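See below for the structure under consideration.
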Amino acid sequence: MNITLNPHLTNRLANLAEERGIPIERLMDKAVELLLEYMEDDETVNQVKYSNNEAIEKNKEMIAKSKEFINKKQALNP
């Protein structure tokens with residue numbers, strides 16, 4: 001399987017490996033391991049989903065209030 005990373009991420013990892021004197025392969029292996037561990041953590045995933053849903057609801061409320069404000073303005077100034 002051939003997978004490529006975002007070039008910006010690859011550059012950041014390469015710079016970090018060079019700064020710390022760590023072989024890039026070792027650093028990338030650890031980065032992938034940590035990412036997979038993070039993704040598999042149900043509690044973390046659920047928290048992210050909850051936060052996203054909460055943000056979506058707040059955005060919907062703000063949009064509704066903005067539409068209401070615009071409609072009132074238009075009613076006052078036809």
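With percent of Cα pairs over 22 Å apart as the read-out, I listed (1) 25; (2) 58; (3) 39; which label goes with the value calculated from this structure?
So the structure-derived entry is (2).
Under the Karplus relation 6.51 cos²θ - 1.76 cosθ + 1.60, θ = phi - 60°, what is the ordered set of whole-Hz ³J(HN,Hα) values for the stretch 61-73, x standing for Gly and Pro?
Coupling constants for the stretch 61-73: 4, 5, 5, 4, 5, 5, 4, 4, 4, 4, 5, 5, 4 Hz.
Using the Karplus equation 6.51 cos²θ - 1.76 cosθ + 1.60 (θ = phi - 60°), what ³J(HN,Hα) coupling, rounded to whole Hz, does each residue of the stretch 30-42 give in order, writing x for Gly and Pro?
5, 4, 5, 4, 5, 5, 5, 4, 5, 5, 7, 6, 4
Compute, for the chain, the length of the dipole vector about the Cα centre, with Cβ point charges of +1 (Lys, Arg) and -1 (Asp, Glu) only. Units Debye, rounded to 20.
Roughly 820 debye for the chain.
Please give the calculated 222 nm ellipticity per residue for the chain, where each DSSP H segment of at least 4 residues contributes -39500 (n - 2.57) and the sum is spread over every residue; nearest 500 deg cm²/dmol? Let's see the in-between values first.
Values: 3 runs with 66 residues, N = 78.
It lands at -29500 deg cm²/dmol.
Please name whichever of ASN77, VAL32, SER66 sits farthest to the positive end of the charge dipole of the chain, dipole taken about the Cα centre and charges placed at Cβ: Lys and Arg +1, Asp and Glu -1.
Projecting each Cα onto the dipole axis, the largest value belongs to ASN77.
Could you tell me the number of lysine pairs in the chain with C-alpha atoms less than 30 Å from each other, where the two lysines are 8 or more residues apart or belong to different chains?
11
What nm value, rounded to one decimal, do you get for the distance between ASP41 and ILE22 when each label is placed 7 Å out toward the C-beta?
In this crude label model, ASP41 to ILE22 measures out at 1.7 nm.
Any read-out appearing in this document is the output of simple, stated calculations on the displayed coordinates, not a laboratory observation. Note that this is a predicted model, so its numbers are computed, not measured. Every residue, glycine as well, gets a Cβ built from its backbone with ideal geometry; the counts of neighbours run over all protein chains shown.
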